[in-house]
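Asker: Shown below is the structure under consideration.
Read the figures in this text as sums done on the coordinates, not as results from a lab. Here the structure is a predicted model, which means the values were calculated and not measured. Every residue, glycine as well, gets a Cβ built from its backbone with ideal geometry; the counts of neighbours run over all protein chains shown.
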Amino acid sequence: MAERPATGTEIYLEEIVGRATAKYVRMSPMKVRRVIDIIRGLPATDAQAIMRFDGHAAAEPVGKVLDSAIANASHLAHVRSQRLDTEDLIVIEAYADEGPTLKRFRPRAQGRAYRIRKRTSHITIAVSPANSEAALAGSSKRKAR
């Protein structure tokens, strides 16, 4: 693979990896991870179909992030004048991190107050062509599990 000149200490590889992140999604990371675990390692088109018909509430924001990651990979290939077939993309990375928790209080008996924690998530999905190094590394990690 061709490399661009190093800027500082970074070296940019010409590998196409479409990445998208949705921050501060008002859904707990545990609920989002349940949906993300379904699509990790799948071809992107299959993952899109699953998200479209999945009944979980988290399927909507995860589907939007997946669509955005695919569009980002397509745009990156266009900018670099490379050919990319979106049918060849696979989900190499998908995770949900915990965002800030909104703390609210609920009145209870005898003047007490119970804390209500409204959790948020940061959803990240990355897609790459099936024959790329990133995809091969992701598939070997999946087999190791």
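Asker: For a quick check of your reading of the filter: which trypsin sites (Lys or Arg not before Pro) in region 12-120 sit in a DSSP loop and have no more than 15 other Cβ atoms within 10 Å? Don't skip to the answer; put the middle values down first.
Answerer: Working: sites: R19, K23, R26, K31, R33, R34, R40, R52, K64, R80, R83, K103, R104, R108, R112, R115, R117, K118, R119; in loops: R26, R40, R80, R83, R108, R112, R119.
Here the trypsin sites (Lys or Arg not before Pro) that fit, given the DSSP loop and packing criteria, are R26, R80, R83, R108, R112.
Asker: Determine, for D85, D97, the number of other Cβ atoms within 10 Å of each Cβ, and report the residues in order from fewest to most. Mind showing how you got there, number by number?
Answerer: Working: D85 10, D97 14.
Fewest-to-most Cβ neighbours within 10 Å comes out as D85, D97.
Asker: Also, quick follow-up: Restricting to lysine pairs 8 or more places apart or on different chains, what number in region 18-144 have Cα atoms under 17 Å apart? List each step's numbers first, then the result.
Answerer: On the way: K23/K31; K23/K64; K23/K118; K31/K64; K31/K118; K103/K118.
Close lysine pairs under the 17 Å cut-off: 6.
Asker: For V62, what is the net charge nearby, where nearby means another residue's Cβ is under 15 Å from its Cβ and Lys, Arg count +1, Asp, Glu -1?
Answerer: Details: positive: R19, K23, R26, K31, R33, R34, R40, R52, K64; negative: D37, D46, D54, E60, D67, E93, D97.
Combined, the nearby Lys, Arg, Asp and Glu give +2.
Asker: Through the Karplus equation 6.51 cos²θ - 1.76 cosθ + 1.60, θ set to phi - 60°, convert the phi angles of region 98-112 into ³J(HN,Hα) values in whole Hz; use x for Gly and Pro.
Answerer: 7, x, x, 9, 7, 9, 10, 10, 10, x, 10, 5, 6, x, 7
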